[in-house]
1. Are any residues in the stretch A:93-111 facing chain B (nearest Cβ under 7 Å) and free of Cβ contacts under 8 Å to residues at least 60 places away in the same chain, and if so, which ones?
2. What residue, of B:Leu98, B:Leu31, B:Leu35, is crowded, with 18+ Cβ neighbours inside 10 Å and facing chain A (nearest Cβ under 7 Å)?
3. Testing A:Ala117 on (1) hydrophobic (A, V, I, L, M, F, W, C); (2) facing chain B (nearest Cβ under 7 Å); (3) surrounded by fewer than 22 Cβ atoms within 10 Å (Cβ to Cβ), one condition comes back false. Which one is that?
4. Would you check which residues across the stretch B:60-94 are within 20 Å of the chain's Cα centre (by Cα) and within 27 Å of A:Ala70 (Cα to Cα) and list them?
5. Applying the selection to the stretch A:75-114, what residues are in a helix (DSSP H, G or I) and among the polar types (S, T, N, Q)?
6. Check A:Val54, A:Val114 and return the single one that is closer than 23 Å to A:Thr165 by Cβ and not basic (Lys, Arg).
7. How many of the residues making up the stretch B:52-65 are surrounded by fewer than 21 Cβ atoms within 10 Å (Cβ to Cβ) and free of Cβ contacts under 8 Å to residues at least 24 places away in the same chain?
8. Please specify each residue of the stretch A:123-169 satisfying the condition of being under 15 Å from B:Ala87 (Cα atoms), within 16 Å of the chain's Cα centre (by Cα) and within 7 Å of another protein chain (Cβ to nearest Cβ).
Amino acid sequence: MFEFAEIWSYLAASPLIWLTATLIAYVIGDALAQAAGRAPLANPVLIAVILLAVLLWLTQTSYATYFEGAQFVHFLLGPATVALAIPLWQQRHAVRRAFLPICAALLAGSVTAVLSALVIGHALGLSPQLLATLAPKSTTAPVALGISQSLGGSPTLTAVLVILTGMIGAIVVTPLMNTLRIRDWRARGLAVGVAAHGIGTARAFQVNPQAGAFAGIGMALNAMLTAFLAPWALGLFM
Amino acid sequence: MIHALTLILACQLAGEALARLFGWPVPGPVLGMALLFALMLASVRVAELVTPTGTGILRHLSLLFVPAGVGVVGHLQQLGTNGLGLALALIVSTVLALGTGAGAFVLVARLTGDKGSEDV
């Protein structure tokens, strides 16, 4: 037992253990999501976060210590955002053909996502700091974290709200669109990409390939638009 | 792969520098995305260079959210106190954004004489 404690104190001080734990938790989360038939509620990120949170609590490890290892994964959010140019480029012809409808849907969806969240949050008495945290919740996580930070919100809480928003969008999109009798796959895809970023996009790809491609476009364009929109919208509530 | 990674990081770096230089509220990586998109439009060789590596990063996009998501351990109290407000804001605004976004697309497609998704 003494030897174990010695090995543990050595490992716990190095970033390797929490980097490895992050990857293992994600692999488990992804396997469970697959086993559940990719049901929206079985989100790999959510499962991994719960596993790691429990592990941190059991080992009495601080988030700062955890992040020393996990920062290597976290760092890749920036390059991943840059790489979103790739799906946008691959769909450039479809984008050009449906240019005006895309602009209209992007503007309507993006403004509604930011403003309605702020109106409801403000009405229910959320603090200005929480509103700043909430404003970019429909944007893809790497961008949402950046916006939240620059607005004075809490990036880590924003990450959780972004993941929850994605799951809500993925769950409601199909029944909602059927109720509204919207059958254009481009419209359905673009709307879910704008409102529910990557998790919504993954859902759209499961339903229809064209919806998936347009969801990717919606996600990428909304990332840029929200960066300009969120500071302005937040200004209305300050 | 190393060239593609270098180009992606260079775009991010240029984006960060531009955002700081002009004091824009846009995160540097978003400007980097716009920059890379412009480069891909300008040159098919650039597009072919970055696509395999970039697609590889995007394939595991969900993993990259995990470290930030674990940060919830420091916010459990805040989530508990403001849980109702946050939950309502998320659910209602997501439903509204989905409806208005798809509605606007269909409306404008019809106004501009677009023949619908079958043609694309």
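The values are calculated or read from the model by the stated rules, or taken from the named source; none is laboratory data. Source: prediction; values computed, not measured. In this analysis, Cβ positions are derived from the backbone assuming ideal geometry, glycine residues included, and neighbour counts consider all displayed protein chains.
1. The answer is A:Arg97, A:Leu100, A:Ala104, A:Ala108.
2. Numbers: B:Leu31 fails: facing chain A (nearest Cβ under 7 Å); B:Leu35 fails: facing chain A (nearest Cβ under 7 Å).
Only one candidate qualifies: B:Leu98.
3. Tallying (1) hydrophobic (A, V, I, L, M, F, W, C); (2) facing chain B (nearest Cβ under 7 Å); (3) surrounded by fewer than 22 Cβ atoms within 10 Å (Cβ to Cβ), A:Ala117 fails exactly one: (3).
4. If we filter the stretch B:60-94 for residues that are within 20 Å of the chain's Cα centre (by Cα), which is where we start, we get B:60-69, B:90, B:93-94.
If the condition is that a residue be within 20 Å of the chain's Cα centre (by Cα) and within 27 Å of A:Ala70 (Cα to Cα), then B:His60, B:Leu61, B:Ser62, B:Leu63, B:Leu64, B:Phe65, B:Val66, B:Pro67, B:Ala68, B:Gly69 are the ones that fit.
5. Going through the stretch A:75-114, the residues in a helix (DSSP H, G or I) turn out to be A:77-83, A:85-90, A:92-97, A:99-114.
Correct list: A:Thr81, A:Gln90, A:Ser110, A:Thr112.
6. Working: A:Val54 fails: closer than 23 Å to A:Thr165 by Cβ.
Testing whether each residue is closer than 23 Å to A:Thr165 by Cβ and not basic (Lys, Arg) leaves just A:Val114.
7. Taking the stretch B:52-65 and keeping what is surrounded by fewer than 21 Cβ atoms within 10 Å (Cβ to Cβ), we get B:52-53, B:55-56, B:58-60.
With free of Cβ contacts under 8 Å to residues at least 24 places away in the same chain added as a condition, the list becomes B:55-56, B:58-60.
Count: 5.
8. Passing the criteria: A:Leu134, A:Lys137, A:Ser138, A:Leu157, A:Ala159, A:Val160, A:Leu161, A:Ile163, A:Leu164, A:Thr165, A:Ile168, A:Gly169.
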